[in-house]
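Structure first, commentary second.
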Amino acid sequence: MQFYPLLLYSPQVPDSMTTAAAAAAAGEIPTEEARPPRALYSFGRPWPEFNEGISYTDTFRCAGATTTLIEFYSTNYKSSAPLPGWIQRIRNGQITVNGEVTTDPDMALREGSKLVYHRLPWQEPFAPHLLDVLYEDNDMLQLKDWKMPSSFCSKQKDVQSHPVPVHRLGRGTSGLLLCAKTKLAKARLAAYFAEGATNAGKNRSRKISKFYRALVTGILQNDEVTITQPIGLVRYPGVAEGLYAACSSGKPSMSKVCVLERFELHNQTLVQVEIHSGRPHQIRIHLAYIGHPLVDDPLYGIGGQPNFDAPEFSRTDESFAYDGGYERPLQPVPGDCGYYLHAHWLVLCHPITNEMIKVTAPLPQILQTREEQQDTAKQLGG
């Protein structure tokens with residue numbers, strides 16, 4: 001049975017890709033090249049310039065203690081705003097106590113008081129809204145995600161079932177995003193990913209494999225490198241729960257790196273990375289750990305640790321300033337983009353039919369080899 005993905009033209013990537021399917025028993029994926037037909041549809045609606053804001057609810061529980069409204073918020077939510085910021089939010093009328101707006105920072109709270117902080121709408125970072133469907137059947141949907149938040153699926157209105165992502169891509173990562181259209185498919189696909197993470201580094205067959213393209217700094221000397229550095233949480237300013245980084249006490253992780261081309265003039269290397277586990281920011285961390293961070297990665301430096309020497313970024317806009325002077329940390333955070341990483345192709349055992357399927361997302365030009373760039377130019381009539 002042959003599956004052809006659905007592809008929509010994009011100015012970001014070339015109009016070509018590969019897809020194939022074969023019997024699971026064969027254990028191989030055909031390498032046959034096929035130019036796919038035009039897409040049957042795309043979906044997505046433009047994102048509004050500002051979101052709708054959000055409300056945070058608390059119940060004050062501290063019997064016998066006298067606590068004011070400003071003390072509660074400035075003590076419990078230091079990472080959200082400094083003391084003057086919380087005072088400004090209260091005086092803006094953004095906080096209600098038991099359903100009533102209060103503008104008095106020194107209001108005494110009583111046991112059981114219901115508190116709601118209304119964060120004002122803010123401007124979201126730019127993200128494209130149209131998605132290209134690369135593969136679809138009754139159980140799965142595979143999309144070409146171009147640096148878009150993975151919660152996009154709530155915007156799809158033209159299909160009967162509601163697709164749900166079964167994994168995530170970093171905000172700055174483009175490429176394939178796999179979604180489930182049924183509960184059974186979601187459960188089985190999630191199990192595939194969990195099994196891969198659990199068995200990282202073990203010689204066991206996997207039901208799903210993901211391959212990425214990345215552009216890294218420096219020239220890798222070895223054609224192939226296997227990285228097994230554990231990844232875990234470390235303390236980091238502005239990230240309350242901690243930041244994922246190379247960590248000896250972290251969880252087992254494995255990435256296999258294959259050099260595709262070396263660009264001596266620019267001191268860069270184009271690589272393919274197969275991940276055997278799916279830790280957050282794994283490729284960024286692992287490549288940085290071996291001394292070759294992704295080109296223009298603002299967060300991870302050599303050693304797979306946060307790059308405290310990264311240039312500072314302006315993080316304040318008018319909506320944040322009015323909302324109590326809220327500012328993100330000056331240090332880079334995981335959502336900062338700029339690096340070159342693309343989820344290129346994926347091979348999986350279909351969660352229902354058990355067929356082996358391969359789907360490929362077209363590459364942005366900067367992540368193509370010279371030969372691939374020449375082939376793309378020929379296909380486009382250049």
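Throughout, read-outs are computed from the coordinates displayed, never taken from laboratory work. Every value quoted in this text rests on a predicted model; they were computed, and no experiment measured them. Neighbour counts run over all protein chains shown; Cβ positions are idealised from the backbone, glycine included.
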Counting only other residues whose beta carbon sits under 12 Å from that of Thr369, what net charge do I get with K and R as +1, D and E as -1? -1
What is the packing order of peptides 287-295, 99-107, 115-123, taking the mean over residues of other C-beta atoms within 10 Å and listing the highest first? 287-295, 115-123, 99-107
Fully extended, how many nm does the chain gain between Gln379 and Asp58 (0.36 nm per residue separation, minus their Cα-Cα distance)? 109.7 nm
Run through every distinct alpha carbon pair of the stretch 54-119 and return the Kirkwood hydrodynamic radius in angstroms, one decimal place. 11.7 Å
Could you calculate the FRET efficiency of Asn98 with Asn51 from 1/(1 + (r/R0)^6), where r is the beta carbon distance between them and R0 is 22 Å, rounded to 0.05? 0.25
Full-extension gain in nm, Arg370 to Ser248, via 0.36 nm per residue minus C-alpha separation: 40.1 nm
For the stretch 169-305, the fraction of alpha-carbon pairs in successive 10 Å shells from zero, as %: 12, 39, 35, 13, 1, 0
Would you please put 57-67, 362-372 in order of how densely packed they are, using the mean number of other Cβ atoms within 10 angstrom per residue and starting with the highest? 362-372, 57-67
